[in-house]
Amino acid sequence: MSTNNESARLDSCPVAGHEPSLASASLKDPELRAHPNEFYWTMRHRDPVHFDEGIGMWLVSRFEDLQAVFADPVVFSVEAGFKDSYAKGFFDEFKAILEAEGGGFFPDAIMTDPPEHTRVRKLMEQAFTAHRVKQLEPEITDVVSGLIDRFADQGHADGVSDFAVPMTIEIICAQLGIREFDPEKIQRWSLAVTAQISQMQDREAMVRNAKDICDLQNFLIAEIRKRQQTPQDDLLSDLIHARAEDEAENTLTFEEVVSLARALMIAGNETTATALGNLLYFLATRPEMQRELYEHIDDDRYTTRFVEELLRLEPPVRGLARTTTREVELGGVTLPAGAHMLLLYASANDDETVFECPRKFDMARKNIGRQMAFGGGVHRCVGLSLARMEVKVAAREFVRRLKDIRLDMPVEDVRYLPTVATRSIEHLPLTFSKR
Amino acid sequence: MSTVTVTLVQVDGEVITIEDAPVGESLMEVARSRGVDGILGDCGGGCACATCHVYVDPAWEAKVGKPDDIEEMTLDMVSHVTRDNSRLSCQIKLAPELDGLRVNVAPAD
């Protein structure tokens, strides 16, 4: 009976009551990936740790089960999951291309398990504290204003290609210290890297993506070489020359520096760009929120909560992978060793046992900080403060400069990138007028 | 390196006393390395995740001080469990004058 009561409660919130059949549903289906919340609801209520035959992964859907996974990074391994899912189906061929043309195959130095993970992670944490990111606010505001100025007079722009993508690229390149770059190339590289965890890549795409990743690595290796002799005041130099007091050698190997630079450039770019696309979609489809945000534009508490609730409601990362290193029980299901899992952050953020009326945008939520858009545990997104700051500044400057922001396409025509890992709007044509 | 003694009371009531907490480290780092329940420190001390939230014992509030604006903002995200004496333990740097510090670990919910 409790399930019926919950259904009734959910119906009173802004969400449809339709219940898709789990047996026939899969994240392989683009329609379902575009509008997944009913699927998530059904999983949480009927089969919370659900095997999705279409993608061959166990989907973990409830907040409490994700918490259990985050708490045990050794049994629920990122490293094993990464190895299983990376370039799925074509791994050896992918690796060979990178070794031949991309300076080498550099395993991701951050997608590892403790204790190895701890050493690398500590270095990254120092670069992205909330206090350090606060100092970047004026610089980020300049980038955002500059981009908006380019299209403010035209009355129209694409929220993704004219704003979200170039904004995140400019900011992460400035942090890394990379002064000359081609934003279009960087976007292509980003898509190539994220495609490796998309579960949607065929062989032809893999070869194309592998070549793009070779380009990316060769670009980064050249930038790293420049800084090996002469350090500069930038994040890339900090990574290369990082050394603890008691260490004789630099903390990170060359391979690790390449892989971390690659991770920063892509992670600092793709996911935040997705969040910015979601922000602009949200504003364009919620005119009352444009007005409310404008009224509170200089209220830091308001804008901070606005961003956090937006990240809860529309998390850019749908979910990331883990693999079990032994047989383990989770959410009433016994998973074998080697079970390949997708932790659905988006479903955890939609869990009505933690967030009442989860489909409702409600900035007054007291437990707003529990939202899982950044994951949790030792792998929680290390760039979370920077991402929040980027979304906050973008929200603020967009409504400060522009009004009557509207979607310049039927809402049902919005398409998403073909990946299970994120829910990223592909194109977002907007119209607006200058304030 | 000099050390101080700090005491953390877990949500379950268990009292953990750490007698050799190094001056200069944060209370979060010390508590996490001893496995104190409820001190996760997910973001690594970056004042960004509120998973190292403690209530400072009233006798120590003045010495520990108040959160700054950035910490206030992070604490505001978990206002369902904050109190006037809430602090993020990653922002409490251990110093000789904090020898004897006592805090209660805040619940997640």
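Between A:K185 and A:A100, the FRET efficiency estimated from the beta carbon spacing at R0 = 22 angstrom works out to 0.60.
Spatially, region A:240-271 and region A:323-398 are offset by 26 Å when compared through their Cα centroids. Ordering of A:200-212, A:69-81 by packing is A:69-81, A:200-212, highest average first (other Cβ atoms within 10 Å, averaged per residue). The alpha carbon centroids of region A:171-202 and region A:119-143 are separated by 20 Å. Under 10 Å, Cα contacts only: if you run a Gaussian network model on chain A, which one of A:P166, A:P316, A:P114 comes out with the highest mean-square fluctuation? Looking only at A:P166, A:P316, A:P114, the biggest GNM fluctuation is shown by A:P114.
What average number of partner chain Cβ atoms lie no more than 10 Å from the Cβ of the residues making up A:370-381? Kindly include the intermediate steps, with their values, before the conclusion.
Values: counts 8, 1, 0, 0, 4, 1, 4, 3, 4, 1, 9, 4.
What the average comes to for A:370-381 is 3.
Tell me, how many Å apart are the Cα centres for region B:20-42 and for region B:71-109? Using only Cα atoms, the two centres lie 12 Å from each other. Each Lys and Arg adds +1 at its Cβ and each Asp and Glu adds -1 at its Cβ; summed about the Cα centre, chain A shows a dipole of about 600 debye.
Can you give the FRET efficiency to the nearest 0.05 for A:T334 and A:E255, using r as the Cβ-Cβ distance and R₀ = 30 Å?
Working: r = 37 Å, r/R0 = 1.25.
After rounding to 0.05, the efficiency reads 0.20.
Restricting attention to chain A, close to 90% of DSSP beta bridges with both partner residues there are antiparallel.
In terms of the Cα gyration tensor, with a ≥ b ≥ c the square roots of its eigenvalues, is region A:190-342 rounded because a/c is under 1.5, prolate because a/b exceeds b/c, or oblate? Don't skip to the answer; put the middle values down first.
Working: a/c = 1.70, a/b = 1.23, b/c = 1.39.
Oblate.
Heavy-atom accessible area buried between chains B and A is around 1800 Å² (1.4 Å probe, both sides summed).
Measuring nothing but alpha carbons in the protein assembly as shown and taking Rh as the Kirkwood radius, the Rg to Rh ratio lands at 0.95.
For a test of the definition: using alpha carbon positions, the gyration tensor, and the 1.5 limit on a/c, classify chain B as rounded, prolate or oblate. Rounded. For region B:77-95, the residues whose amide N sits under 16 Å from a probe point set 7 Å from the Cα of A:E245 along the beta carbon direction are B:94-95.
Counting Cβ atoms of other protein chains within 10 Å of each Cβ in A:264-276 and taking the mean gives 0. Seen through its C-alpha gyration tensor, with square-root eigenvalues sorted a ≥ b ≥ c, region A:70-161 comes out oblate because a/c lies at 1.5 or above while a/b is not bigger than b/c. Springs between Cα atoms under 10 Å define the GNM used for chain A, and in it the highest mean-square fluctuation of A:A195, A:A267, A:A157 occurs at A:A157. Carbon-plus-sulfur accessible fraction, the protein assembly as shown (probe radius 1.4 Å, protein heavy atoms only): 49%.
Loop-only trypsin sites (Lys or Arg not before Pro) in region A:113-189, please: DSSP not H, G, I, E or B, and at most 15 other Cβ atoms within 10 Å.
Working: sites: A:R119, A:R121, A:K122, A:R132, A:K134, A:R150, A:R179, A:K185, A:R188; in loops: A:R179.
Here the sparse-neighbourhood loop sites are A:R179.
Counting Cβ atoms of other protein chains within 10 Å of each Cβ in B:71-77 and taking the mean gives 5.
Hey, what number do you get for chain A at 222 nm if only DSSP H runs of n ≥ 4 count, each worth -39500 (n - 2.57), divided across all residues, to the nearest 500?
Working: 19 runs with 218 residues, N = 435.
Per the formula, -15500 deg cm²/dmol.
Peptides A:30-40, B:33-43 ordered by packing proxy, namely the average of other Cβ atoms within 10 Å per residue, highest first: B:33-43, A:30-40. Rounded to the nearest 20 Debye, what is the dipole magnitude of chain B about its Cα centre when Lys and Arg each give +1 and Asp and Glu each give -1 at the C-beta? I would put it at about 100 debye. Per residue, the average separation of C-alpha pairs within less than 8 Å and at least 6 apart gives chain A a relative contact order of 26 percent.
The values are calculated or read from the model by the stated rules, or taken from the named source; none is laboratory data. Bear in mind the structure is a predicted one, so any value in this text is a computation, not a measurement. Note that we place each Cβ from the backbone using ideal geometry, even for glycine, and neighbour counts take in every protein chain shown. When the accessible area is computed, the model is the full protein with side chains, heavy atoms only, and any ligands, DNA or RNA have been set aside. Shrake-Rupley method; radii C 1.70, N 1.55, O 1.52, S 1.80 Å.
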